[in-house]
Amino acid sequence: MTSDTVTITDNRSGESIELPIIEGTDGYPTIDIRALHRLLGFYTYDPGFMSTASCASAITFTDGEKGILRYRGYPIEQLAEHSSFLETAYLLIHGELPTSEQFGLFREEIMVEYNRLHEALQSFFDGFREDAHPMAILVGAVGALSSFYPDATNVHDPAVRMKAAKRLISKMPTIAAWSYKYATGQPIMYPRTDLDYTENFLYMMFAVPTDEFEINPLHVKALDLILMLHADHEQNASTSTVRLTGSSDANPFAAIAAGIASLWGPVHGGANEAVIRMLQEMSESGDIDSYIARAKDPHDRFRLVGFGHRIYKSYDPRAAIIRKTCHQLLEDLGATHTPLFDTALKLEEIALKDEYFIERKLYPNVDFYSGIILRAIGIPLEMYTVIFALARTVGWTCHWNEMMEDPESRIGRPRQLYVGYRKRDYVPIEQRGAQPAAEEGGR
Ligand code: SDX
């Protein structure tokens, strides 16, 4: 037996095999189970992938017990203090912080070379009802981009992949802003090359052709931080969706559209919008305790949105950064006592003292406070998850690229634990009576 293996024994037959241990550069070691089925005739069973590493990745590291988040090794707290969303995007894509020359070229690509949208895409928006949720428009528009860039289907060419990634990062703000403008009936604003990434997005969102638009630097700083904190988070549901979609050699626009669809769910990226709706209800009712009681009731599906996390069993480091920024921004904007922020602080205080939440290590996550900042800078509620998708496009494209470059990457095709009927024979309709009780082994 060598020290870098684990022994798996089938106690029914006494048969044992040794499986290799694979250590990463940080975090928990893994057991390489690829030979398990061939050598011992087993699959592993892990709904929700609680203990399963789907890939090797060098992009983002998290430690849920210690509340650590690092992009390419840099602690999120340091990036939040010193970097910008666009510089962080460069870091995630290329793996290193850029020199000023590299950053200048990257900015030119994102803000000038790739930022235009084909005029035909505008008519695409007209196909939606005026009350369509912007996430529905985003899923459709991003998927449709594949029809404008047929060259992007050559997914095994690294240059084609990098171009597709930069096109997506560059065009998402315009598509997002236009989906908002379409919903409000306002004229769209074209991207400006003289503005930075986040400024340009706010300009396209809120400027109108008839008036001068003054960009509030406090809003830019707060939104840029929100985008940076949401840029990547290793193998979350939407990123895993992008990887699985891309593993069939699907084009990058289809893969990212699948990621947007997954992010939309209220237990994932849709939580930031759901948190504000929950806080609004709590604030109006003034009865936080009944919501806490419902969240703890095993027979009630209601959960405290913005609380809990698959990885963080301590305070989500992003929530801590956003919470601090909330205080500062609201103070700077002279809105220190927004009822929602007061309710959020009170809810957090009550929950963190409650045995139910302590026992399950449920803390505020990135979505708990982010909506309060977005609200303070005037972003409409239905755009919150769109903002999340805008930011996570960086992470999604990085993981898609990393997967396509990984020699060990294969089409994703999980197996299953079959619990349905065993073999049974067809019964002609004239011989069918009332359904027989389910056989032993059938569900
Ligand atoms: C994001 O994965 C990522 O990295 C995601 C993300 C990213 O950047 O990509 O960080 C972004 O999606 C953040 C999460 C946003 N979602 C929410 O805020 C929705 C509310 N949270 C829960 O739905 C839940 O906490 C999840 C989905 C976030 C995590 O679910 P898990 O890991 O499957 O945890 P679980 O359902 O197994 O819960 C364990 C226990 C259960 O109780 P018991 O069955 O043990 O009695 O904790 C309870 C749960 O009922 N629980 C909650 C709760 N979250 C978990 N109870 C009340 N309120 C909650 N919010």
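Coordinate-derived values only; no laboratory data. Since this is a predicted model, take the numbers as computed values, not measurements. Virtual Cβ from ideal backbone geometry, glycine too; neighbours counted across all protein chains shown.
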- Item | Test item: Cα-centred dipole of the chain, Lys/Arg +1 and Asp/Glu -1 on Cβ, debye | 1200 debye
- Query: Tell me, in nm to one decimal, what length is gained between R38 and R301 on full extension, where the rule is 0.36 nm per residue of separation less the Cα-Cα distance?
  - Reply: 90.6 nm
- Two-site label geometry, D46 and S409: point separation in nm, points 7 Å out along Cα→Cβ: 2.0 nm
- FRET efficiency (Y426, D354; Cβ distance; R0 60 Å; to 0.05) is 0.60
- Query: Stretched out fully, how many nm does the piece from D332 to Q435 gain, at 0.36 nm a residue minus the Cα gap?
  - Reply: 30.3 nm
- Task: Calculate for the chain the 222 nm mean residue ellipticity that helices alone would give, adding -39,500 (n - 2.57) per DSSP H run of length 4 or more and normalising by residue count, nearest 500 deg cm²/dmol.
- Result: -15500 deg cm²/dmol
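May I ask you to sort D10, D194, D332 by Cβ crowding, counting other Cβ atoms within 10 Å and putting the fewest first?
Values: D10 12, D194 9, D332 15.
Sorted ascending by nearby Cβ count, the order is D194, D10, D332.
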- GNM top mover of A255, A376, A231 - the chain, alpha-carbon springs below 10 Å: A376
- Ranked list, fewest to most other Cβ atoms within 10 Å of each Cβ, for E199, E108: E108, E199
- Note on the structure: Out of P173, P191, P209, a Gaussian network model of the chain with alpha-carbon springs under 10 Å gives the largest mean-square fluctuation to P209
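In percent, how large is the relative contact order of segment 146-208, given Cα pairs closer than 8 Å and 6 or more residues apart? Don't jump to the answer; show the numbers that get you there.
Details: 39 pairs, mean separation 15.9, N = 63.
That works out to 25 percent.
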- Query: Can you pull the semi-axes for the chain, root of five times each eigenvalue of the Cα gyration tensor, sorted largest first, whole Å?
  - Reply: 38, 29, 26
- Given a Förster distance of 51 Å, the FRET efficiency implied by the Cβ-Cβ spacing of E281 and T25, rounded to the nearest 0.05, works out to 0.70
- Task: Mind running the shape call on segment 140-226? Use the C-alpha gyration tensor, a ≥ b ≥ c as the square roots of the eigenvalues: rounded below 1.5 for a/c, prolate if a/b tops b/c, oblate otherwise.
- Result: prolate
- Note on the structure: In the chain, whole DSSP H helices that both stretch 15 Å or further along their axis by alpha carbon positions and average at least 1.6 on the Kyte-Doolittle scale are 134-148, 252-263
- Note on the structure: Row for segment 34-131, column shape: gyration tensor on C-alpha, a ≥ b ≥ c, rounded if a/c < 1.5 i.e. under 1.5, prolate if a/b over b/c, else oblate; value oblate
- Message: As a footprinting exposure proxy, order L86, L381 by other Cβ within 10 Å, with the fewest listed first.
- Response: L381, L86
